[in-house]
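Asker: Take a look at this one; I'll ask things after.
The values are calculated or read from the model by the stated rules, or taken from the named source; none is laboratory data. Please read these numbers as outputs of a predicted model, since none were measured by experiment. Cβ sites come from the backbone with ideal geometry, for glycine too, and all protein chains shown count toward neighbours.
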Amino acid sequence: MITSVKNHLFGDCESVASGRLNSCASCDTPEHLVVFARLPELGRTKTRLIPAIGADSAMLVYRYLVARTLAQARLWIGNGSCLATIHFSGGEMSQVQAEFGHDFAYCDQIGPSLGERLKNATESAFNAGAKKVVVIGTDCPSLTSNDLKLAFEALEHHDVVVGPAVDGGYYLIGLGSHQPALFYGVDWSTFLVFQQTVQKAQTLNLSVHVLRKLSDVDYPEDLLPLRQRAEGERFPIKSKTGRLSVIIPALNEEMNLGATLHSVGKPQDDLEIIVVDAGSTDQTLAIAQQHGCKVFVGNRGRACQMNAGAAAATGGHLLFLHADTHLPDGFRQEIQRVLDMPVICGAFPLVIDAPGVAMRMIESGVAFRSSVLQMPYGDQAIFFRASDFYDQSGFRKMAIMEDYEMISRMRKSGRIGLTNRPVTTSARRWLKKGILRTTMVNQLCIVAYRLGFSDNLISRFYHGVSRKKFE
């Protein structure tokens, strides 16, 4: 059936290269699936991933995503009631066919903007006799043939079906008739795309059905679910047994990062150091580069930065280290010793780099919650087997409390081990804001989180109180 679809449509699609609006041959099949894809090209594919994983891996990741998407498309069109056409950009028709297979029809994408290209693609399908048209991209690894089935079924009773993406865009749009107005006046590549599209449909008195929300792969942290064990053999980035990846999120840390990196040591074959910067305006990047680290600028937010570093990591073990925390001698042996035990993850005891009874009391409290309550925090250099971290999908994307949430989740799966040697962290928070204020604010944040307050609200409280004098 798929081969006959290609033979039926290919001739007219091929004529698009001459500059005419792409128009497939008329047919009696009422359902048309349109796949937007581009030819994988080195340095021009998935460019936002390149700083983290390199141009070669970025191209391989895109090829992997396309293969997953087309596999699901083949499952759906295999039922014999749907035509499928790949609307492509980049390269010649013969190259695209060789890359994606000879069992699809192919058309060039036509138009200077995404909106124009979507409008022209859907118009082409309706001109060819379609009664229902569904358009998908190739960036959504969680898309399944069942999502396509549900989209086409929804068009029986709705004018428009939309699959919202987590980032505010959409991974799928389906139409029961040609609706060019849906593709104009949209702020493409922003978080407003889905919202604006639904609003336009409502303005046009079109009924809308919304599918489940899925994640696209746009940034390094979006790769994290693809590092899970189930994907390990097929995904192009591999974890190497015996290698430790140290991941350091940073923002304007020139005063602390050098000493922290000195405690880690120089990168080598079995020691990878990844510094994920959030847009520093000081010498943080230069210091990391001079040390030989893998360095890239990621989206702001510690959770995003750590997930981005983990997604790009190649170590069999992952260590998340704050930029103002120093590792002890023999830290690698300690990590290995702990992870050789039946634990789900591990952390270091904490020493604060300042004298005084109050600091020692804080350290005692940290020791109690770490060993007895099994709740170490991020400044204790949390570490994981890479496979366990990936299977848990990493840190939740949160404005604050990402380490607390992560440890709470991990300890449901097993015990959390502690090393015998402590890390030493800077006392700057306590010295700058005051020991009592810092301790009280931290505890109030935990209480607020456990009571169900949003991480955004807690973050505003934390940073707001931290800037005021304690009264």
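Asker: For the range 330-362, which positions are surrounded by fewer than 16 Cβ atoms within 10 Å (Cβ to Cβ) and among the charged types (D, E, K, R)?
Answerer: 337, 340, 353, 360
Asker: Can you name every residue in the range 272-289 that is under 13 Å from residue 255 (Cβ atoms) and not in a helix (DSSP H, G or I)?
Answerer: 280, 282, 283
Table: residues versus (1) assigned by TED's automatic domain parsing to the domain that holds residue 121; (2) within 20 Å of residue 153 (Cα to Cα); (3) of a type in the set (Gly, Ala, Ser).
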{"position": "33", "(1), (2), (3)": "yes, yes, no"}
{"position": "44", "(1), (2), (3)": "yes, no, no"}
{"position": "63", "(1), (2), (3)": "yes, no, no"}
{"position": "80", "(1), (2), (3)": "yes, yes, yes"}
{"position": "88", "(1), (2), (3)": "yes, no, no"}
{"position": "92", "(1), (2), (3)": "yes, no, no"}
{"position": "95", "(1), (2), (3)": "yes, no, no"}
{"position": "99", "(1), (2), (3)": "yes, no, no"}
{"position": "102", "(1), (2), (3)": "yes, no, no"}
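Asker: Would you mind stating whether residue 52 is in contact (Cβ under 8 Å) with a residue 60 or more places away in the chain and within 30 Å of residue 307 (Cβ to Cβ)?
Answerer: yes
Asker: I'd like the residue in the range 160-198 that is in a loop (DSSP other than H, G, I, E, B) and aromatic (Phe, Trp, Tyr) and, out of all such residues, is farthest from residue 120 (Cα to Cα).
Answerer: Applying the filter and picking the extreme gives 191.
Asker: Further, regarding this structure: Please specify each residue of the range 217-232 satisfying the condition of being assigned to a loop (DSSP other than H, G, I, E, B) and either farther than 17 Å from residue 395 by Cα or in contact with a Lys or Arg (Cβ under 8 Å, 6 or more places away or on another chain) (or both).
Answerer: Correct list: 217, 218, 219, 232.
Asker: Looking at the range 397-413 only, could you name the residues that are part of a loop (DSSP other than H, G, I, E, B), surrounded by 14 or more Cβ atoms within 10 Å (Cβ to Cβ) and out of contact with any Cys (no Cβ under 8 Å at 6 or more places or on another chain)?
Answerer: If the condition is that a residue be part of a loop (DSSP other than H, G, I, E, B), surrounded by 14 or more Cβ atoms within 10 Å (Cβ to Cβ) and out of contact with any Cys (no Cβ under 8 Å at 6 or more places or on another chain), then 398, 399, 411 are the ones that fit.
Asker: Going by the structure shown, is residue 319 assigned to a strand (DSSP E or B), on the phi < 0 side of the Ramachandran plot and of a type outside the set (Lys, Arg)?
Answerer: yes
Asker: Continuing with this model, one more query. Determine if the range 216-234 includes at least one residue that is surrounded by 17 or more Cβ atoms within 10 Å (Cβ to Cβ), under 17 Å from the mean Cα position of the chain (by Cα) and over 30 Å from residue 161 (Cβ atoms).
Answerer: Within the range 216-234, one or more residues are surrounded by 17 or more Cβ atoms within 10 Å (Cβ to Cβ), under 17 Å from the mean Cα position of the chain (by Cα) and over 30 Å from residue 161 (Cβ atoms).
A quick yes/no check of all residues on (1) farther than 17 Å from residue 393 by Cα; (2) without any contact (Cβ under 8 Å) to a residue 60 or more places away in the chain; (3) in a loop (DSSP other than H, G, I, E, B); (4) not aromatic (Phe, Trp, Tyr):
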position: 234; (1), (2), (3), (4): yes, no, yes, yes
position: 249; (1), (2), (3), (4): yes, no, no, yes
position: 263; (1), (2), (3), (4): yes, no, no, yes
position: 296; (1), (2), (3), (4): yes, no, no, no
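Asker: Return the only residue of 208, 133, 162 being at pLDDT 95 or above, surrounded by 21 or more Cβ atoms within 10 Å (Cβ to Cβ) and more than 25 Å from the chain's Cα centre (by Cα).
Answerer: 133
Asker: Within the range 343-396, how many residues turn out to be assigned to a loop (DSSP other than H, G, I, E, B) and touching a Cys at 6+ places or on another chain (Cβ under 8 Å)?
Answerer: Of the residues in the range 343-396, 1 are assigned to a loop (DSSP other than H, G, I, E, B) and touching a Cys at 6+ places or on another chain (Cβ under 8 Å).
Asker: Answer yes if at least one residue in the range 280-291 is in contact with an Asp or Glu (Cβ under 6 Å, 6 or more places away or on another chain), of a type outside the set (Asp, Glu) and under 25 Å from residue 404 (Cα atoms), and no otherwise.
Answerer: No, the conditions are met nowhere in the range 280-291.
Asker: Cβ-Cβ under 7 Å, sequence separation 6+ or interchain: first residue in the range 77-92 and aromatic (Phe, Trp, Tyr), partner loosely packed, with under 15 Cβ neighbours inside 10 Å. Which pairs?
Answerer: Correct list of pairs: empty, since none qualify.
Asker: Sticking with this structure for a sec: So which of 200, 213 ends up being in contact (Cβ under 8 Å) with a residue 12 or more places away in the chain and loosely packed, with under 15 Cβ neighbours inside 10 Å?
Answerer: Just one listed residue meets the conditions, 213.
Asker: As an exercise: evaluate residue 110 against (1) part of a loop (DSSP other than H, G, I, E, B); (2) out of contact with any helix residue (DSSP H, G or I) (no Cβ under 6 Å at 6 or more places or on another chain) and give the number of the one condition it does not meet.
Answerer: Against the list (1) part of a loop (DSSP other than H, G, I, E, B); (2) out of contact with any helix residue (DSSP H, G or I) (no Cβ under 6 Å at 6 or more places or on another chain), residue 110 comes up short only on (2).
Asker: Can you find a residue in the range 104-116 that is in contact with an Asp or Glu (Cβ under 7 Å, 6 or more places away or on another chain), of a type outside the set (A, V, I, L, M) and on the phi > 0 side of the Ramachandran plot?
Answerer: no
Asker: Scan the range 357-380 for residues that are small (Gly, Ala, Ser) and free of Cβ contacts under 8 Å to residues at least 24 places away in the same chain and jot them down.
Answerer: 364, 365, 367
Asker: Sort through 387, 413, 393 and tell me the only one that's under 20 Å from residue 225 (Cα atoms), in contact (Cβ under 8 Å) with a residue 12 or more places away in the chain and in contact with a Pro (Cβ under 6 Å, 6 or more places away or on another chain).
Answerer: 393
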